[in-house]
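Readers should treat all values here as calculations from the given coordinates under stated rules, not as data from a laboratory. Values in this document were obtained by computation on a predicted structure and should not be read as measured data. Neighbour counts are summed over all protein chains in view; Cβ atoms, including those assigned to glycine, are modelled from backbone coordinates with ideal geometry.
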There are 2 protein chains.
Amino acid sequence: MSNRPSFETYLEEVTAEVTGELKQTLPVHWDVPQSLVDAMQYSLMAGGKRLRPLLVVAAAEAFGAQRTAALPVACAVEMVHTYSLIHDDLPAMDNDDYRRGKLTNHKVFGEATAILAGDALLTHAFYSIVQSGRRSGVSADALLSIVEELSELAGARGMVGGQVADMEGEQGMTDLAQLQYIHLHKTGDLIVFSLIAGARIGGATEGQLEALRVFGRDLGLAFQIQDDILDLTGDEQKMGKKTQSDVNQQKVTYPYFIGMDASLQEVKSLTQSAKDALGRAELPDPSRLMEIADYLMSRDH
Amino acid sequence: MSNRPSFETYLEEVTAEVTGELKQTLPVHWDVPQSLVDAMQYSLMAGGKRLRPLLVVAAAEAFGAQRTAALPVACAVEMVHTYSLIHDDLPAMDNDDYRRGKLTNHKVFGEATAILAGDALLTHAFYSIVQSGRRSGVSADALLSIVEELSELAGARGMVGGQVADMEGEQGMTDLAQLQYIHLHKTGDLIVFSLIAGARIGGATEGQLEALRVFGRDLGLAFQIQDDILDLTGDEQKMGKKTQSDVNQQKVTYPYFIGMDASLQEVKSLTQSAKDALGRAELPDPSRLMEIADYLMSRDH
């Protein structure tokens with residue numbers, strides 16, 4: 001293991017491969033209006049941490065699967081994440097002009113095209129999942145389970161439900177339980193999906209999938225509390241967006257309910273319980289997933 | 001065959017079964033914000049012809065498949081159709097206040113919830129497809145092909161691409177080829193999907209799938225030209241919407257380009273070529289699909 005790349009190298013490598021794959025995700029022989037392709041590509045290529053694809057790849061590799069088998073599903077989850085950001089930014093929702101330091105999709109392409117580019121990205125995510133099987137022999141049963149889980153975790157009872165709860169929360173109905181529902185679904189469910197989809201590609205057992213669900217749930221919640229904290233304390237330059245936006249939009253956050261110290265403590269203890277669950281799963285090589293958990297807890301943007 | 005139900009009875013029966021299935025499509029044990037469920041159900045239950053589900057069922061039954069095996073996919077395509085209507089009606093798109101004589105989704109639930117209800121319906125369609133397999137043993141390979149085809153035909157190179165082209169057409173760039181692209185994709189592709197998905201459930205051969213693609217393409221185009229015609233000549237009461245809206249919105253239509261007589265002729269000849277393709281497919285019992293083709297051509301709303 002002496003020539004094992006550092007975590008930073010691993011991160012750069014996977015991010016570059018995912019970004020390369022995303023660039024060519026729309027089949028070039030398809031006859032699609034150029035404005036639609038441009039709008040889809042614009043947001044897909046707008047940067048971001050590529051956290052969810054990283055989790056798909058790291059989970060698959062923790063079982064010894066080839067990275068190429070995981071890349072189409074890694075792209076799928078990034079498409080779903082990207083579509084959700086495009087729709088979240090719309091005037092009818094958060095009405096944001098900037099995202100990651102760039103104009104939001106509807107500011108560049110107009111509202112109608114932005115809505116449709118989001119719709120097309122969500123739809124194309126399912127296409128991309130099927131390609132995993134075509135390209136590298138992931139079984140049809142595993143792929144169907146991945147389709148089923150994405151449709152649950154990104155849909156009404158998952159990410160979209162979390163977004164609706166978040167909107168309603170802005171109208172002043174939030175308590176801590178409600179905030180936890182929002183965090184678990186709006187952010188957490190897609191993180192859980194990424195992990196179990198990668199694990200399915202790697203051939204995980206039911207017990208291992210269950211452990212990864214717990215890992216993802218705790219990691220996702222820690223991630224989102226850390227986001228709440230960074231929104232209050234982070235560096236605007238590093239974050240690529242205005243900090244204190246939650247305060248300005250009167251959004252309630254973990255620090256608002258339990259204070260800053262307890263929030264910091266909660267991130268630590270959730271990260272630890274995530275790692276404990278991962279330890280119990282007995283994966284062939286959980287080391288990258290462990291590193292990701294530590295990395296997320298200590299990030300400053 | 002003396003006790004074979006009439007086409008009208010068949011139509012009523014299938015429509016009732018599909019509507020019953022749609023009512024319970026969201027699993028009741030799921031923890032989903034009530035406003036989101038209400039918004040999804042509102043548009044799903046707003047009526048409509050249920051044409052696409054009918055095509056799924058009729059295609060599956062043409063191969064001798066059980067109707068129950070086809071119902072989840074029939075619901076899936078209606079969810080996709082419904083989401084597309086919700087998004088089309090938004091202020092940023094067609095800005096319609098009424099649809100089928102009822103207030104549009106965003107007029108009742110607000111724009112943000114309408115966008116998210118559309119997103120959730122699209123996502124849930126894929127969940128529903130997987131349930132076909134769980135419920136009645138459709139093979140994982142067939143279901144994956146159905147997922148792949150829906151993601152193609154409802155996405156960037158299909159329905160969404162058609163919608164983008166339609167929007168751009170309103171800005172005055174349309175010629176007949178462009179209008180045909182719009183009709184083929186915005187309306188036609190989901191009709192093609194319905195037929196081949198039903199056929200896959202019924203165990204169609206590749207040759208039969210290809211024939212059904214041609215049937216669906218011609219039928220879908222005939223259907224949309226008939227819509228153009230009815231918009232100019234139809235009865236507002238029967239249509240459940242204002243007629244001449246295309247004229248008022250300065251949308252170009254088939255009659256605009258080739259005249260009313262030639263448009264009526266085109267509907268007839270496309271319907272005939274659709275039926276010819278169907279005849280060549282040698283299905284065990286194509287009679288309901290033939291009846292549907294005749295019914296669509298002669299409808300007055």
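Which one of A:LEU270, A:LEU184, A:LEU144 has the biggest mean-square fluctuation once chain A is modelled by GNM with Cα springs under 10 Å? Most flexible of the set in this elastic network: A:LEU144.
A simple count of charges around B:GLY259, restricted to other residues whose Cβ falls under 12 Å of its Cβ and scoring Lys, Arg +1 and Asp, Glu -1, yields -3. With a threshold of 28 Å on the Cα-Cα distance, the over-threshold entries among A:LYS107/B:LYS107; A:LYS102/A:LYS268; A:LYS186/A:LYS268; A:LYS49/A:LYS186; A:LYS186/B:LYS102; B:LYS102/B:LYS268 are A:LYS102/A:LYS268; A:LYS186/B:LYS102; B:LYS102/B:LYS268. Per-residue mean of foreign Cβ neighbours for A:83-95 is 3 (Cβ atoms of other chains, 10 Å radius).
Note on the protein assembly as shown: helix-only mean residue ellipticity at 222 nm, from DSSP H runs of 4+ residues weighted -39500 (n - 2.57) and normalised by residue number, equals -22500 deg cm²/dmol. The residues neighbouring B:LEU71, those whose beta-carbon lies less than 15 Å from its own, together hold a net charge of +2 under the Lys/Arg +1, Asp/Glu -1 convention. Within the shell defined by Cβ-Cβ distances under 13 Å, the residues around A:ALA211 carry a net charge of -1, with Lys and Arg each +1 and Asp and Glu each -1.
Comparing Cα centroids, region A:270-292 and region B:108-123 end up 37 angstrom apart. Ranked by the mean number of other Cβ atoms within 10 Å of their residues, highest first, the peptides A:118-124, B:14-20 come out as A:118-124, B:14-20. Scaled against the 2.2 N^0.38 Å expected of a compact globular protein of N residues, the Cα radius of gyration of the protein assembly as shown reads 0.98. Position B:ASP261: other-copy label points at 9.0 nm, ordered by increasing distance, label point 7 Å along Cα→C-beta. Put simply, the C-alpha atoms of region A:36-155 give a gyration tensor, and the ellipsoid matching it has half-axes of 28, 14, 12 Å, longest first. Label positions at B:ASP285 and B:THR9, each projected 7 Å from the Cα along the C-beta direction, are separated by 1.3 nm. With all pairs of different C-alpha atoms in the average, the Kirkwood value for the hydrodynamic radius of region B:7-294 is 19.3 Å. Stretching A:ILE258 away from A:ASP97 to a fully extended chain increases their span by 54.9 nm, per 0.36 nm per residue minus the current alpha-carbon distance.
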